[in-house]
1. So which strands (runs of 3 or more DSSP E) stay within the stretch 54-163 end to end and still have 1 or more residues that are farther than 30 Å from Glu177 by Cβ?
2. Could you tell me whether any residue of the stretch 281-289 is touching an Asp or Glu at 6+ places or on another chain (Cβ under 9 Å), without any contact (Cβ under 8 Å) to a residue 24 or more places away in the chain, closer than 24 Å to Lys257 by Cβ and of a type in the set (Val, Ile, Thr)?
3. Give the number of residues within the stretch 218-250 that are in a loop (DSSP other than H, G, I, E, B) and touching a residue at least 40 places away in the same chain (Cβ under 8 Å).
4. Condition test on Gly275, is it in contact with a strand residue (DSSP E or B) (Cβ under 7 Å, 6 or more places away or on another chain) and not aliphatic (A, V, I, L, M)?
5. Which condition number does Thr216 fail, the rest of (1) surrounded by 15 or more Cβ atoms within 10 Å (Cβ to Cβ); (2) within 24 Å of the chain's Cα centre (by Cα) being met?
6. Taking the condition of being crowded, with 17+ Cβ neighbours inside 10 Å and either basic (Lys, Arg) or at pLDDT below 95 (or both), how many residues in the stretch 147-165 meet it?
7. Return the residues of the stretch 175-186 that are free of Cβ contacts under 8 Å to residues at least 40 places away in the same chain and either outside the structural domain of Ser125 (by TED's automatic domain parsing) or not in a loop (DSSP other than H, G, I, E, B) (or both); say none if nothing qualifies.
8. Which members of the stretch 128-146 meet the condition of being out of contact with any Asp or Glu (no Cβ under 8 Å at 6 or more places or on another chain) and of a type outside the set (A, V, I, L, M)?
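The values are calculated or read from the model by the stated rules, or taken from the named source; none is laboratory data. Given the structure is predicted, the values throughout are model-derived calculations rather than measurements. Note: ideal-geometry Cβ built from the backbone for every residue, glycine included; neighbour counts use all protein chains shown.
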Amino acid sequence: MIVRRLLLATALLAAASASAFAQSSGDTIAAPVLRADVTVTSDVVRIGDVIDNAGPAAQIAIYRAPDLGTTGSLPTVQVLTALQAHQVIGVETRDIKAVSVTRLSRAIEAKDIQLQVAHALEHRSGLGDAANLTLTFDRDLQDIQLEASYTGTLQPVGTRFEPRSGRFDVSFEIGSENNSPSEKLRFTGIAIETIDAAVLTRNVERNELLKSSDVTIERRPKAEVGSDAATRTAAIGMQMRRPLRAGQALRTADLAKPDLVQRDDNVTLIYQTSGLYLTIRGKALENGTEGDVVSVLNLQSQRTISGTVVGRDQVAVSIAAPRLPDTSTTVGSMETAPVSVAASNSSPAAANAE
């Protein structure tokens, strides 16, 4: 009995001494502590990602990471079970119910991809500026998520374009900061060059005048409109040379200056010359715009004359200036055959005077 008591006392003393020694020497191992929010850059979650003070077990993978650029949640009970499987126990949870895990990434937005493809095709095989290219991709263009280490710019490494079909095939490479192989991206589809075009909002007939409400602006393929596309500003107030349907793009050749004189309308004939200004009523025999020469019936003389359209229902008629006699022959004859003084003095009048 006495021996048993002595052994127990010795054991307690040894344990107390060992504890005191450990505390005095600073060798106490900190307990692992659970983290509430975790960010990872690889495709796995390691023990060192979810707890502090993981020690040698920090690099052990226990979960697959969420998809690039997304966040997942792990229940604390599930995390503790995974840790215990690797002999990590005594974890302080701090009443955390779940661990949020976010996988970092580099996001490339769809609009940036479209812009880079347009710049790669710019001025290639007859195409115009990138801003005027409309791209249709074979697959719906969406934002792309890459590993966070891919910090390089999109570098075009291959660009092909077929002018007849409009098809393109553009490839890019993106470099990594950790010397990993470059990420390769490829995009295919159809590219069309478009321009701003004046488009009719209603059906119009020949000789109609275009109002502001008749014309709008739309982006149309350059091949559809041609090189003589009319602008909206230039189209308003002009007269149609031919009938067109609503939705058709206007060309310069479709437009003409408005007729200031209409056939069978009454017009004012203007006779103007130096010191003279006369107006007479007439009847237009044909249409004409400013500067056109048209035929007009003089209602007073019933004669058909030609004049130049100078304004609304106004036609100017030129008056032929009176022709002066040509004195060059007379002067010449006088020079060649001068009258003699003797002959003039012998005239009958002179004789009578004498």
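1. In the stretch 54-163, 71-75, 98-103, 133-137, 155-162 are the strands (runs of 3 or more DSSP E) which contain 1 or more residues that are farther than 30 Å from Glu177 by Cβ.
2. Looking for residues that are touching an Asp or Glu at 6+ places or on another chain (Cβ under 9 Å), without any contact (Cβ under 8 Å) to a residue 24 or more places away in the chain, closer than 24 Å to Lys257 by Cβ and of a type in the set (Val, Ile, Thr), one finds none in the stretch 281-289, hence no.
3. 6
4. no
5. (1)
6. Going through the stretch 147-165 one residue at a time, the tally reaches 5.
7. Listed by number, the residues that qualify are Glu183, Lys184, Arg186.
8. The answer is Thr136, Phe137, Asp138, Arg139, Asp140, Gln142.
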